[in-house]
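Right, one structure below, let's go through it.
The values are calculated or read from the model by the stated rules, or taken from the named source; none is laboratory data. This one's a predicted model, so the numbers in the text were calculated from it and none came from an experiment. Note that we place each Cβ from the backbone using ideal geometry, even for glycine, and neighbour counts take in every protein chain shown. SASA here: full protein model, heavy atoms, side chains in, ligands and nucleic acids out. Shrake-Rupley method; radii C 1.70, N 1.55, O 1.52, S 1.80 Å.
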Amino acid sequence: MNGGWRYRVASVVGVVGLTALAVALVNSSSVQAILGSIPLLDRLDADAPTGVESIFEIATTVAVVTASFVPLYKPRPRRIYDTIALAQKRVVVAMFALAAIGYFDYTYRLPRLTLLGVAPLLLIALPAWFIWIRRRPSSGGERAIIVGDSPRQVGALARDVDIPLLGYLCPTIAYEQEAYAAPSTAVADGGTVELERLGGLSRIEDVLVEYDVDTVVLAFEHTDRAEFFGALDACYEHGVAAKVHRDHADTVLTAEEDLGTLVDVQVEPWDIQDYVFKRGFDVAFAGAALLVLSPVIGLIALAIKLEGNGPILFSQNRTYLLGETFTVYKFRTLKPDPEGEVGTTFDGNRETPLGNFLRATHLDEIPQLWSILSGGMSVVGPRPAQTELEADFEAETAQWRKRWFVKPGLTGLAQINGANSQNPREKIQYDLQYIRNQGFWYDLKIVVRQLWMVFGDVLSLTKSDREEGN
């Protein structure tokens, strides 16, 4: 697999070159004549441009197609079928964009006959190009390394896998303490050879590029956030496939069909096309909600200030992608706790009438719309857990860390089914079900159900107030 900057350069150059070649070929008089002889297409004008006009039209087409293929310029370990499907989706997007340019009568638009001729060429040529540049170098074979937290753990895994290994990475301190346990791997003649230590964990990105690594096998005895998920993050950034031993698969998101000794880690579980739609929906929803609710936001802030029980906003550290942390803001619903505000236990002495109302109507969650708009959260996804309580949840269920592979949400499948952090085992099942089945329409259904639940809560609260008044 070509990786890093070489892949990026090759992908861009290929898209530009093949697109320009396709347009020039279809604009030739002989191809135009052939296209004009096809029934239905003969109704379109064969007005292929020449000279400077032709150059500008080629440039316009190249710019649109190149921009449409941006999601594919970052190296990712994809199957051939996925590469073909994604590349063809981007071609279709580009063709619609070029047709829209033609509709608005842009001077250097691509003629409709040329557009219809270019489309099938690009649908074949561009997917083939991306498949070709993802092939192994001429030296052949899989280029894999093991990354672990100790030579002993690396050695145990190296003896249990059957892929050729270039070497391994482990912390320097662990290497000095366990030098006696130098890892070795089997070779073709039935013997063993000692694995080369390529450096410490801090060199993982340099090693991925220097050795053109396409597979990283993770051999961590303790799946520490800073090390284990740091290695996963490096794999994600460099488009390298990550694998773990099946005995440690409970802590990561894996493909359901994996049954061998090593299982693939889904460092990017969603297709880029779905991600773009999801992000667009997040921005539209959060922006519209903040605009519509701006008077309500002002009234709530004023009411909290008049109530005089601390600052307007309440903040907590939450855990999200690959174990990183971010700050979540809510409207304050409790009096400040002098001993710190960790956890969600409500003390009756700290409750306020306004706070109870905000929690019952979910209006205290409004400030999180800004986190969605800025990209820290999504509208739909697993609710982010408090960082201080993560260890407790992980002790409850080994699958808890699988939530770290997707962006957290304002609401989710667990929330609309009444599951919360009080029962981590039930909540994680709903979260994993969402991760496996997520999509734009799935998100939309969850949002509609959540809004209906909020509406029901408001009605119940109003009815309760009326009964108390009577």
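Quick check: with the 1.4 Å probe, what order do W129, W441 take by accessible area, largest first?
Listed by decreasing accessible area, they come as W441, W129.
E324 accessible area, nearest 10 Å², 1.4 Å probe?
Rounded to the nearest 10, the figure is 110 Å².
Given A419, Q438, Q450, which one lies farthest toward the positive end of the charge dipole of segment 401-462, if we put +1 on the Cβ of every Lys and Arg and -1 on the Cβ of every Asp and Glu?
Q438
Based on the mean of other beta carbon atoms within 10 Å per residue, what is the order of 119-128, 228-237, most packed first?
For the peptides 119-128, 228-237, the packing ranking is 228-237, 119-128.
Could you order R436, R152 so the one with the most accessible surface comes first? Probe is 1.4 Å.
Result, largest first: R152, R436.
Give the peptides 403-416, 80-93, 155-168, 372-385 in descending order of average Cβ contacts within 10 Å, highest first.
On the way: 403-416: 23.7, 80-93: 16.7, 155-168: 18.4, 372-385: 22.0.
Top to bottom by mean Cβ count within 10 Å: 403-416, 372-385, 155-168, 80-93.
Order of 6-14, 290-298 by packing, highest average Cβ count within 10 Å first? List each step's numbers first, then the result.
Details: 6-14: 16.4, 290-298: 11.6.
Output ranking for 6-14, 290-298: 6-14, 290-298.
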